[in-house]
Amino acid sequence: MKRLMFLMTCTLMCTFCGPCVNEAAAQTSREDLRKMTHEQRAEKRAERLAEFEKYIDSVVLSHNFEFNPQTVQQMPAGSMKFLTNPVYTVTLWRGSLDVCLPYYVGYVPPYHYVLLNTGMPSVSDFVTKQTEEGWVVSFKTYLYASIEYTFTFEINSRHGSATLTISNTWYNPVQYTGTITRIY
């Protein structure tokens, strides 16, 4: 019984003291910011931006990432559509590719919508090239029998944004914009 009372007392104390500790930590963080000069705050922001660039660089160089599209547009002058389905992704993991994206096919308007929903055990002609703004990652794979698709990612290290262009010999390219995230 004494143990139970002791345990309940400790739990009750943690419940009431926890928010005070968090508030005190936030208060000291605010005070630290107030004490910093403009140059110090600018230096902190530059450090955070440099860390983010390193993170994006490591994601690209690991070749294990997921692309999460937010828009899709048929090139060269198709209308841009926003994608809100979180299931639409392109996953590159250990040389294999999983694709679940809307895709537009057709030679002339009106183009019709199909869903690329497949996985490939390997990709070929994998190229990673660093550019002034970030990275260009491209590779080829055969989806649905004998049609070769080229995937080209243009990744901006500073902003964390990515543009994916999927092209093949039969149809106009389709371009997606979104973000990439690391897969652990």
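The values are calculated or read from the model by the stated rules, or taken from the named source; none is laboratory data. The model shown is predicted, which means the values in this text are computed figures rather than measured ones. Please note: Cβ atoms are built from the backbone with ideal geometry, for glycine as well, and neighbour counts cover all protein chains shown. Just the protein is used for accessible areas: all its heavy atoms, side chains included, with ligands, DNA and RNA removed. Shrake-Rupley method; radii C 1.70, N 1.55, O 1.52, S 1.80 Å.
Residue check: T163 meets all listed conditions (1) modelled with pLDDT under 90; (2) farther than 13 Å from V60 by Cα; (3) buried (at least 16 other Cβ atoms within 10 Å of the Cβ); (4) not aliphatic (A, V, I, L, M) but one, namely (1).
Across region 33-58, the qualifying residues are those that are more than 28 Å from V137 (Cβ to Cβ) and polar (S, T, N, Q), and the one among them that is most open to solvent (accessible area, probe 1.4 Å) is Q40. Against the test of being farther than 17 Å from V72 by Cβ, within 16 Å of the chain's Cα centre (by Cα) and open to solvent by 40 Å² or more (accessible area, probe 1.4 Å), the options I183, I155 yield a single qualifying residue, I183. Scanning region 125-151 for residues that are touching a residue at least 40 places away in the same chain (Cβ under 8 Å) and small (G, A, S) yields a single hit, G134. Determine whether Q175 is open to solvent by less than 60 Å² (accessible area, probe 1.4 Å) and among the polar types (S, T, N, Q). Answer is yes for this residue. Taking the criterion of being without any contact (Cβ under 8 Å) to a residue 12 or more places away in the chain and surrounded by 11 or more Cβ atoms within 10 Å (Cβ to Cβ), the only residue of region 102-124 that qualifies is Y113.
I'd like the full set of residues that are free of Cβ contacts under 8 Å to residues at least 60 places away in the same chain, touching a Leu at 6+ places or on another chain (Cβ under 9 Å) and hydroxyl-bearing (S, T, Y), limited to region 87-101. The answer is Y88, T89. For the structure I just gave you, tell me whether S138 is assigned to a loop (DSSP other than H, G, I, E, B) and either open to solvent by 30 Å² or more (accessible area, probe 1.4 Å) or polar (S, T, N, Q) (or both). When the stated conditions are applied, S138 does not pass them. In this structure, is V87 hydrophobic (A, V, I, L, M, F, W, C), more than 27 Å from D57 (Cβ to Cβ) and open to solvent by 10 Å² or more (accessible area, probe 1.4 Å)? Taking the combined requirement at face value, the residue satisfies it. Of the residues making up region 116-129, one or more are part of a loop (DSSP other than H, G, I, E, B), among the small types (G, A, S) and within 16 Å of S96 (Cα to Cα).
Kindly indicate whether any position in region 76-89 is part of a strand (DSSP E or B) and within 13 Å of I180 (Cα to Cα). Scanning region 76-89, I find at least one residue that is part of a strand (DSSP E or B) and within 13 Å of I180 (Cα to Cα), so the answer is yes. For region 64-75, a tally of residues being in a strand (DSSP E or B) and either without any contact (Cβ under 8 Å) to a residue 60 or more places away in the chain or not polar (S, T, N, Q) (or both) returns 5.
Are any of the residues in region 104-121 of a type in the set (A, V, I, L, M, F, W, C), modelled with pLDDT under 90 and touching a Ser or Thr at 6+ places or on another chain (Cβ under 6 Å)? The answer is yes; a qualifying residue exists.
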